[in-house]
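*Asks:* One structure coming up, written as structure tokens, with questions to follow.
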Amino acid sequence: MRKICVVTGTRAEYGILSGLMKRLKDTDGVCLQIVATNMHLSAAYGMTVNEIIEDGFDVDVRIPLPLDDDSHCGTVKAMSVAMSGFADAFFRLAPDLVLILGDRYEILAAASAAMIFGIPVAHLHGGEITEGAYDDSIRHAITKLSTFHFTSTEEYRRRVIQMGEEPERVFNAGSPAVDAITHFTPMTRVELENSLGVSLAEEFVVVTFHPVTMQPGEASLQTTALLEALETVVLKDAEEGVVSVLFTMPNSDTEGRTVASLVGDWCEESVGRALAVKSLGRDRYYSALAHAAAVIGNSSSGIIEAPSFGIPTLDIGDRQKGRTRGNTVIGCVPERDGIISGLERVLSAEVREFCYNNGNNPYHKPGTVEFIHEKLLGLPLHRCMTKSFYDLDHFFIDKL
């Protein structure tokens with residue numbers, strides 16, 4: 001029996017992992033273990049652990065974190081609590097393999113604890129670049145703590161190898177989320193409206209905006225610029241009581257509460273034209289993308305998942321700077337006038353028609369979930385913790 005422990009701390013991460021988790025749960029010879037932490041266990045972020053349970057999973061360990069303080073000091077303290085929690089969890093569960101995704105601080109804590117315990121780690125979505133967030137450094141640190149790697153593109157596979165990881169341990173798998181979308185049947189517009197308890201405008205936008213953690217103090221300014229631009233372009237002719245802007249609230253990043261407060265107040269003052277939801281969950285979020293006119297903000301989902309729905313993405317600012325993007329993604333500066341211009345562009349009939357008919361998604365690779373599943377079953381876990389640094393023979397630095 002191979003015990004595979006999945007660690008998840010956010011709604012977005014779980015949405016990407018859930019299909020693979022279901023496959024593992026139904027596999028003979030596999031014992032699926034689940035550790036839920038961070039935002040999953042916070043009422044302020046929608047208590048999304050309930051979505052995991054509603055999907056038929058048992059949560060083996062819960063590691064609540066102190067999320068009331070989103071300062072740098074508070075984030076570091078939350079990391080320390082996470083590290084202690086993972087020590088207890090891994091001691092109790094004794095997994096054969098820990099499966100993690102992404103670049104959040106609680107995932108760094110999980111990878112660090114697993115390494116000390118001598119437990120192999122399989123990491124998804126490594127090698128990516130997001131220059132505007134400290135997640136970038138965290139992601140690369142997780143790569144070095146991990147034993148096996150499943151990247152979302154060949155470019156990212158090469159980057160992980162460039163970081164010294166052995167090629168035979170690094171697999172270009174594609175994104176599990178994008179693979180899942182190809183098999184996803186969205187809710188009808190009426191079903192989505194009933195679930196949200198609102199009427200949606202014919203051409204509504206989905207917005208997710210996170211603080212740019214490498215630009216401290218900018219969260220309020222950038223969020224205000226976004227809200228003013230939405231007011232100018234999207235809400236100027238919007239009907240009262242009909243939602244034209246559907247916000248999903250930000251993560252528990254540093255200054256996240258500043259963004260959430262501004263967004264919440266703005267939506268309350270919008271006379272029913274905007275709605276803020278703590279967490280849509282995977283199915284409602286994907287259904288919203290299926291019916292939306294565009295995705296707005298600085299979330300990775302606008303880069304990775306939204307293109308598969310044939311809609312444009314307006315990517316604001318530097319949070320996702322450096323991430324590979326398809327031809328449906330348009331960038332703009334995080335200033336009012338720049339966002340206004342970007343909104344007008346992505347909502348134009350010309351751009352929307354192009355994205356629907358000619359959009360591409362560089363993260364799509366057919367059979368991603370099946371590929372990762374099969375690899376996880378066959379990975380050689382015995383004595384795999386010793387890693388050799390893989391040098392690129394053709395690469396020399398003559399001058400610093």
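*Asks:* Of all residues being in a strand (DSSP E or B) and of a type in the set (Asp, Glu) in segment 159-217, which is surrounded by the most Cβ atoms within 10 Å (Cβ to Cβ)? Just the residue, please.
*Replies:* Glu203
*Asks:* Right, here's the next one. Suppose we filter segment 334-384 for residues that are part of a loop (DSSP other than H, G, I, E, B), touching a residue at least 12 places away in the same chain (Cβ under 8 Å) and either within 30 Å of Met1 (Cα to Cα) or aromatic (Phe, Trp, Tyr) (or both); how many remain?
*Replies:* So the count comes out to 7.
*Asks:* Here is a further query. Considering segment 268-320 alone, what residues qualify as being under 20 Å from Ser152 (Cβ atoms) and among the basic types (Lys, Arg)?
*Replies:* Residues satisfying the conditions are Arg282, Arg319.
*Asks:* Pull up segment 136-158, narrow it to residues that are charged (D, E, K, R) and buried (at least 19 other Cβ atoms within 10 Å of the Cβ), then point me to the one that is farthest from the chain's Cα centre (by Cα). It would help to see each step written out before you state the result.
*Replies:* Narrowing segment 136-158 to residues charged (D, E, K, R): 136, 139, 144, 154-155, 157-158.
Going one step further and asking which of them are buried (at least 19 other Cβ atoms within 10 Å of the Cβ), we end up with 136, 139, 157.
On the way: Asp136: 13, Arg139: 12, Arg157: 19 Å.
Checked segment 136-158; the qualifying residue farthest from the chain's Cα centre (by Cα) is Arg157.
*Asks:* Oh, and also: Filter segment 259-275 for residues that are assigned to a helix (DSSP H, G or I), surrounded by fewer than 20 Cβ atoms within 10 Å (Cβ to Cβ) and in contact (Cβ under 8 Å) with a residue 40 or more places away in the chain and give the result.
*Replies:* Leu262
*Asks:* Among the residues of segment 2-19, count how many are at pLDDT below 95 and assigned to a loop (DSSP other than H, G, I, E, B).
*Replies:* 1
*Asks:* Further, regarding this structure: Given the condition under 30 Å from Pro211 (Cβ atoms), at pLDDT below 95 and either among the acidic types (Asp, Glu) or in contact with a His (Cβ under 6 Å, 6 or more places away or on another chain) (or both), answer yes or no: does some residue in segment 137-159 qualify?
*Replies:* No; the residues of segment 137-159 include none that is under 30 Å from Pro211 (Cβ atoms), at pLDDT below 95 and either among the acidic types (Asp, Glu) or in contact with a His (Cβ under 6 Å, 6 or more places away or on another chain) (or both).
*Asks:* List pairs: first residue in segment 321-333 and farther than 20 Å from Glu353 by Cα and assigned by TED's automatic domain parsing to the domain that holds Pro307, second residue surrounded by fewer than 19 Cβ atoms within 10 Å (Cβ to Cβ) and at pLDDT below 95 anywhere in the structure, Cβ distance under 7 angstrom, at least six positions apart or on different chains.
*Replies:* Lys321/Glu131; Gly322/Ile129; Gly322/Glu131; Arg323/Ile129
*Asks:* Return the only residue of Thr48, Thr75, Thr37 being modelled with pLDDT under 95 and either loosely packed, with under 15 Cβ neighbours inside 10 Å or touching a strand residue (DSSP E or B) at 6+ places or on another chain (Cβ under 9 Å) (or both). Outline the logic, then answer.
*Replies:* Details: Thr75 fails: either loosely packed, with under 15 Cβ neighbours inside 10 Å or touching a strand residue (DSSP E or B) at 6+ places or on another chain (Cβ under 9 Å) (or both); Thr37 fails: modelled with pLDDT under 95.
Every option except Thr48 fails the conditions.
*Asks:* Just for segment 257-286: of the residues that are of a type in the set (Phe, Trp, Tyr) and out of contact with any Leu (no Cβ under 8 Å at 6 or more places or on another chain), which one is nearest to Ser244 (Cα to Cα)?
*Replies:* Of everything passing the filter in segment 257-286, Tyr285 is nearest to Ser244 (Cα to Cα).
*Asks:* Looking at (1) touching a residue at least 60 places away in the same chain (Cβ under 8 Å); (2) not in a helix (DSSP H, G or I), which is the one condition that is false for Ala110?
*Replies:* So Ala110 meets the others, but not (2).
*Asks:* Yes or no: segment 70-84 includes at least one residue that is part of a strand (DSSP E or B), in contact (Cβ under 8 Å) with a residue 12 or more places away in the chain and in contact with a Gly (Cβ under 7 Å, 6 or more places away or on another chain).
*Replies:* Within segment 70-84, not a single residue is part of a strand (DSSP E or B), in contact (Cβ under 8 Å) with a residue 12 or more places away in the chain and in contact with a Gly (Cβ under 7 Å, 6 or more places away or on another chain).
*Asks:* Could you identify the single residue in Asn357, Asn327 that is out of contact with any helix residue (DSSP H, G or I) (no Cβ under 9 Å at 6 or more places or on another chain) and surrounded by fewer than 24 Cβ atoms within 10 Å (Cβ to Cβ)?
*Replies:* The unique qualifying residue is Asn357.
*Asks:* When both residues are 6+ apart or on different chains and their Cβ atoms are under 9 Å apart, which pairs have a first residue that lies in segment 13-35 and is on the phi > 0 side of the Ramachandran plot, and a second that is assigned to a helix (DSSP H, G or I) and not polar (S, T, N, Q)?
*Replies:* Gly29/Leu377
The values are calculated or read from the model by the stated rules, or taken from the named source; none is laboratory data. Everything quoted here is computed from the prediction, not taken from an experiment. Ideal geometry is used to build each Cβ from the backbone, glycine not excepted, and the neighbour counts take in all protein chains shown.
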